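Coordinate-derived values only; no laboratory data. Because the structure is predicted, anything quoted here is derived from the model rather than measured. Counting neighbours? That spans all protein chains shown, and the Cβs are built from the backbone with ideal geometry, glycine included.
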Amino acid sequence: MSVAISLRSTTARRSDATLSFIQHSLLVVGLMSLLGTVKPMLDDRTQAVPDDGLFMEAPVVTDGPANEVARAPGPPVEALSPRLQRALDFVSRRYRVAPEALIPVFEAAQKVGRERRIDPLLIIAIIGIESRFNPFAESAVGAKGLMQVIPGYHLDKIPKGAGEQPFLDPVTNIQVGVHVLEEAIRWRGSLIAGLQHYGGAAEDPETEYANKVLAEKQRLEQAVRRGPGGRA
């Protein structure tokens, strides 16, 4: 009988030990599962909360009014006067150039003309005669850009901050070209003589170059007077 009691006691102890082992195993598995769930949450929280803003992502810039605050404001652009806008429409049709490509040219002519006290339509007329509004035009003697300026003679007139190819930049080319024209008019003493000098035909008694420029300017003035819809 004592043997049977001993066997039952031993069996009970083994059962208790097995149950205890199973309970501990379940507890360990549960803790591991819990840690596996909590760690990604902590990682996500760590990534989502920047450290004093040092790891904040730059704002994404997309098209649309909602991003106007994120964009760096550019310099204000002066709108074209109605006079120059009508001239632009005429030039676009006459020379078959897209209006969008002409806008910076006319804006530069308006701004520089006001600064130098030169009629912007005269500047536009010279550009039409010299390059037909091709900013990359180059002559056989090396004159470049809209107003066909020869770089070797006028490097001193390039404004500060100009790019590597200043004479092919429409705005810079107009700035330099008008400066050259202004000097020629002042040196020669009249508009006709100044235009002849600008066109390299100072000794031409027929003043052919000056007449050509002034005729183009007259066409521009007529288009301005006709207003919107006037034919080229």
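Under unit Cβ charges (Lys, Arg +1; Asp, Glu -1), what dipole magnitude, rounded to 20 debye, does segment 82-226 have relative to its Cα centre?
620
Based on the alpha-carbon gyration tensor of segment 74-232 and its eigenvalue square roots a ≥ b ≥ c, which shape applies: rounded if a/c is under 1.5, prolate if not and a/b is larger than b/c, or oblate?
oblate
Determine the distance separating the Cα centre of segment 141-162 from the Cα centre of segment 103-138; give it in Å without decimals.
14
Amide H neighbours of Val149 under 5 Å, at least 5 residues apart or on other chains, H built in the peptide plane: list them.
HN-HN under 5 Å from Val149: Lys144.
Ratio of alpha-carbon Rg to the 2.2 N^0.38 Å globular estimate for segment 160-227, to two decimals, please.
Ratio of Rg to 2.2 N^0.38 Å for segment 160-227: 1.33.
When a footprinting reagent is the concern and you count Cβ atoms within 10 Å, what order do Ile192, Ile123 take, fewest first?
Final ranking by Cβ density, sparse to dense: Ile192, Ile123.
May I ask for the net charge around Ala215, where only other residues with Cβ less than 12 Å from the Cβ of Ala215 are counted and Lys, Arg are +1 while Asp, Glu are -1?
0
Just order 200-211, 138-149 by mean Cβ neighbour count inside 10 Å, highest at the front, would you?
138-149, 200-211
Once R0 is set to 22 Å, what does the formula 1/(1 + (r/R0)^6) return for the Cβ-Cβ distance between Tyr95 and Asp156, expressed as a FRET efficiency to the nearest 0.05?
So, using R0 = 22 Å, E works out to roughly 0.10.
Which lysines does Lys144 reach when only Cα atoms under 27 Å apart count, and residues fewer than 8 places away in its own chain are ignored?
Candidates past the 8-residue exclusion: Lys111, Lys157, Lys160, Lys212, Lys217.
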